[in-house]
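Undergrad: There's a structure below that I have some questions on.
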Amino acid sequence: MQRATTVLCLMFLAAPVLAKPGHPAITAATDNAPAALTFPVLTDMPGVLPWSLLGQATTVKGKGGRMLPKYTPAIAALDQTDVKVQGYMMPLQPGQLHKHFLLTVTSASCPFCLPAGPEGVVEVNSSSAVKFGYAPLVMSGKMTVLKNDSMGLYYRIDNATLVAP
């Protein structure tokens, strides 16, 4: 049982790398997957920061072997700007209402696994509590492009407000 859980977590960790509409691996997997394992891929929305842009960040080895983000000029230009981000809520604490959580490009499928790499996750500090749900959210706030976050995160939005459930 533990091995099956580990394999499922690894499969879902790999999904964001392949999660492009029409990608053969995703199409084949979702065509044959039970409904409980099928997660919709978020589509770009007008006025909302696309995950395809955030996903262009890469990782480089820094001093002492620490892995650090490397951003494109377009991503770097987002630092300290007001943005809207769409994603799935991944709570960091138990409960129904959350002011601090992660928005992810894909829905979490395992409570012990991040559903994406650091380029597919945005830390959210909300100005008011947001109710947990499984549907994607759109949050608006001030984006910080993180240079050397101790937790390995690449992006954060502060003073965030819920735009759309």
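The values are calculated or read from the model by the stated rules, or taken from the named source; none is laboratory data. Here the structure is a predicted model, which is why all the values come from computation and not from measurement. Cβ coordinates were reconstructed from backbone atoms using ideal geometry, including for glycine residues, and neighbour counts include every protein chain displayed.
Undergrad: Quick check on the range 117-142: of everything there that is among the β-branched types (Val, Ile, Thr) and in contact with a Lys or Arg (Cβ under 8 Å, 6 or more places away or on another chain), which residue is nearest to Tyr71 (Cα to Cα)?
TA: Val122
Undergrad: Name the single residue, out of those in the range 76-102 being in contact (Cβ under 8 Å) with a residue 40 or more places away in the chain and in contact with a Phe, Trp or Tyr (Cβ under 7 Å, 6 or more places away or on another chain), that is surrounded by the fewest Cβ atoms within 10 Å (Cβ to Cβ). Lay out the reasoning, then the answer.
TA: The initial filter retains those residues of the range 76-102 that are in contact (Cβ under 8 Å) with a residue 40 or more places away in the chain, namely 76, 78-89, 91.
Keeping just the survivors that are in contact with a Phe, Trp or Tyr (Cβ under 7 Å, 6 or more places away or on another chain) gives 89, 91.
On the way: Met89: 21, Pro91: 16.
Checked the range 76-102; the qualifying residue surrounded by the fewest Cβ atoms within 10 Å (Cβ to Cβ) is Pro91.
Per-residue answers, yes or no, for (1) under 17 Å from Val41 (Cα atoms); (2) in contact with a strand residue (DSSP E or B) (Cβ under 7 Å, 6 or more places away or on another chain):
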| site | (1), (2) |
| --- | --- |
| Leu53 | yes, no |
| Lys61 | no, yes |
| Gln80 | no, yes |
| Gly87 | yes, yes |
| Pro91 | no, yes |
| Val105 | yes, yes |
| Glu123 | no, yes |
| Val145 | no, yes |
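Undergrad: From Pro73, Pro34, which residue is loosely packed, with under 14 Cβ neighbours inside 10 Å, at pLDDT 90 or above and more than 11 Å from the chain's Cα centre (by Cα)?
TA: So the residue among Pro73, Pro34 that is loosely packed, with under 14 Cβ neighbours inside 10 Å, at pLDDT 90 or above and more than 11 Å from the chain's Cα centre (by Cα) is Pro73.
Undergrad: Looking at (1) without any contact (Cβ under 8 Å) to a residue 40 or more places away in the chain; (2) under 15 Å from Pro165 (Cα atoms), find the lone condition where Phe132 falls short.
TA: It is condition (1) that Phe132 fails.
Undergrad: Among (1) over 16 Å from Gly141 (Cβ atoms); (2) surrounded by 17 or more Cβ atoms within 10 Å (Cβ to Cβ); (3) not acidic (Asp, Glu), there is one condition Thr59 misses while meeting the rest; what is its number?
TA: Checking Thr59 against (1) over 16 Å from Gly141 (Cβ atoms); (2) surrounded by 17 or more Cβ atoms within 10 Å (Cβ to Cβ); (3) not acidic (Asp, Glu), the one that fails is (2).
Undergrad: Look at Pro40 and say whether it is at pLDDT 95 or above and at negative phi.
TA: no
Undergrad: Does the range 103-117 hold any residues that are surrounded by fewer than 21 Cβ atoms within 10 Å (Cβ to Cβ) and within 15 Å of Ile157 (Cβ to Cβ), and which are they?
TA: Of everything in the range 103-117, nothing turns out to be surrounded by fewer than 21 Cβ atoms within 10 Å (Cβ to Cβ) and within 15 Å of Ile157 (Cβ to Cβ).
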